[in-house]
Amino acid sequence: MTPTPQRYGSPARRSARRALVPLALPLALMLLSACGGAARAGGDGGGGLGGSGGHTDGKGAVTLNVGDQKGGSEAMLRAAGELKSLPYRIRWSTFTSGPPLLEAVNAGAVDVGAVGNTPPVFAGAAHSKIKVIAASHSRSDGEAILVKKDSPLTSPAQLKGKSIAVAQGSSANYQLLASLKAAGLSPSDVTLSYLQPADALAAFTRGKVDAWAVWDPYTSQALDQADARVLTTGQGLVNGLSFQVAAPAALSDKQKSTALKDYTDRLRRAQDWVFRHPDAWAKAWAEATGLPEKVALDAVRRTRGTAVPVAVDKDAIASEQRIVDAFAALKLIPRSFDFGDLVDPRFNGGLPPSGTAPRSYGKGS
């Protein structure tokens, strides 16, 4: 499958690929999944909204429809024991990345889901009906631009004129933008192939693109399995925030709002458990995703285990506003808007400021 190069700002093809695959499947199977085969997230399996799954945890009269990504919230909650004794039901749907998940939130098919720092910007610019209700702050070492080990590229400035794979509207999309700016480049200096991770991995492995802007665990996977090395990371360039994003209708429903409060509390406890038990989480994460355990542990120590729950406060809003303004100035989103209009702070109580330093496993992590 040869990606179609696109200049930044040109209409990106919407990925309808079957990109949700076990992360450690051989490349041939990834290509088969990306090019055809059974319907998966991003394809025909989610009622046209990109989600797959549908199994349920818990019991009770209230059901939260939760959007997830492979090895995401569900796997973390299950490993931490936080899905036991749920007084409500959770019906899970799995998505390839944040943008299609937020499409489902906007459509009312999902009540809440976890995304990175950039998908809400694209959704808000499209007038999507979403509310940001919770946040966490992580290190950004896993937000990386990768090149092959034998690539002649040694600095981001050398990306001029090169082709780069990235998932449009993902956190990697902004990390790429920020990295180009720091290197003195504008988006028009590069050629972009907008690809979901499985397609991007295939293109990167086959040498169809010069670089790949991506996030963990794909970063750790590529470093371990795809002969990749890091050209640059988002550390010091991006805000390291990720969010729980809810449907306004769910927040307006008293019973669902109560369930959402409990759900976000469970996520915070689970994140604390992850930091204290990196090896146990890496093993559970590997089982949930098909990642080799070493790759999973690398991603936990590099990024995923460093997250600290924080408030969606004024500083978080200001940081996200800078992302809005950057994309709007380059006409990569249809309009600018006030990011604060997307925020519902009702669950902020008792949480530390958004600028609270991420956790760390020490040097070499």
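Numbers at a glance
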{"read-out": "Cα-Cα separations in the range 204-277 greater than 21 Å, expressed as whole percent", "value": "55"}
{"read-out": "Integer Hz, Karplus 6.51/-1.76/1.60 couplings in order for the range 139-153, x for Gly and Pro", "value": "5, 10, 5, x, 7, 9, 9, 9, 9, 5, 4, 8, 5, x, 6"}
{"read-out": "Derived scalar couplings ³J(HN,Hα) [the range 110-121; Karplus, 6.51 cos²θ - 1.76 cosθ + 1.60; whole Hz; x for Gly, Pro]", "value": "10, 8, 7, x, 9, 9, x, 7, 9, x, x, 5"}
{"read-out": "Solution diffusion estimate, µm²/s, Stokes-Einstein, the range 214-337, Kirkwood Rh from C-alpha pairs, 10 °C, viscosity 1.306 mPa s", "value": "92"}
{"read-out": "Long-range HN-HN contacts of Thr96 with modeled amide H, under 5 Å", "value": "Gly42"}
{"read-out": "HN-Hα J in Hz across the range 287-298 - Karplus 6.51, -1.76, 1.60, θ = phi - 60°, x for Gly and Pro", "value": "5, 6, 10, x, 5, x, 4, 4, 4, 4, 5, 4"}
{"read-out": "Accessible area, probe 1.4 Å, largest first, for residues Ile145, Ile317", "value": "Ile317, Ile145"}
{"read-out": "For the range 51-140: accessible area per residue (Å², 1.4 Å)", "value": "32"}
{"read-out": "Under 14 Å, Cβ to Cβ, from Arg346 - net charge with Lys/Arg +1 and Asp/Glu -1", "value": "-1"}
{"read-out": "Isotropically averaged projected area of the range 241-290, using the convex hull of Cα atoms (one quarter of hull area), nm²", "value": "4.6"}
{"read-out": "Label-point separation in nm, Ser252 to Lys314, each point 7 Å along Cα→Cβ", "value": "3.0"}
{"read-out": "Protein-only accessible surface order, largest first, of Arg346, Arg359, Arg335 at 1.4 Å", "value": "Arg346, Arg335, Arg359"}
{"read-out": "Nitroxide proxy distance, nm - points 7 Å out along Cα→Cβ at Arg229 and Arg346", "value": "5.2"}
{"read-out": "Rg/Rh ratio calculated on Cα atoms of the range 71-168 (Kirkwood radius)", "value": "1.07"}
{"read-out": "Residue-normalised accessible area of the range 292-356, given per residue in Å² at a 1.4 Å probe", "value": "45"}
{"read-out": "Rg/Rg_globular for the range 114-205, with Rg_globular taken as 2.2 N^0.38 Å and Rg from C-alpha atoms", "value": "1.19"}
{"read-out": "Sequence ranges 323-332, 239-248, ranked by mean other-Cβ count within 10 angstrom, highest first", "value": "239-248, 323-332"}
{"read-out": "Debye log10 I(q)/I(0) at q = 0.13 Å⁻¹ for the range 273-363, Cα point scatterers", "value": "-0.66"}
{"read-out": "Accessible surface of the range 118-167 [probe 1.4 Å, protein heavy atoms]: carbon and sulfur percent", "value": "50"}
{"read-out": "Placed amide H near Leu146: partners under 5 Å, 5+ positions off or other chain", "value": "Trp212, Ala213, Val214, Leu231"}
{"read-out": "Amide hydrogen neighbours beyond the local backbone of Ser193, cut-off 5 Å, H modeled", "value": "Gln6, Ile164, Ala165, Val166"}
{"read-out": "Kirkwood hydrodynamic radius of the range 134-280, from inverse mean 1/r over distinct Cα pairs, in Å", "value": "16.9"}
{"read-out": "Radius 11 Å from Cβ of Val105, net charge of other residues (Lys, Arg +1; Asp, Glu -1)", "value": "0"}
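The values are calculated or read from the model by the stated rules, or taken from the named source; none is laboratory data. Everything numeric in this text was worked out from a predicted model, so none of it was measured. We place every Cβ from the backbone using ideal geometry, glycine too, and count neighbours over all the protein chains shown. The area values use the complete protein model at the heavy-atom level, side chains included, leaving out ligands, DNA and RNA. Shrake-Rupley method; radii C 1.70, N 1.55, O 1.52, S 1.80 Å.
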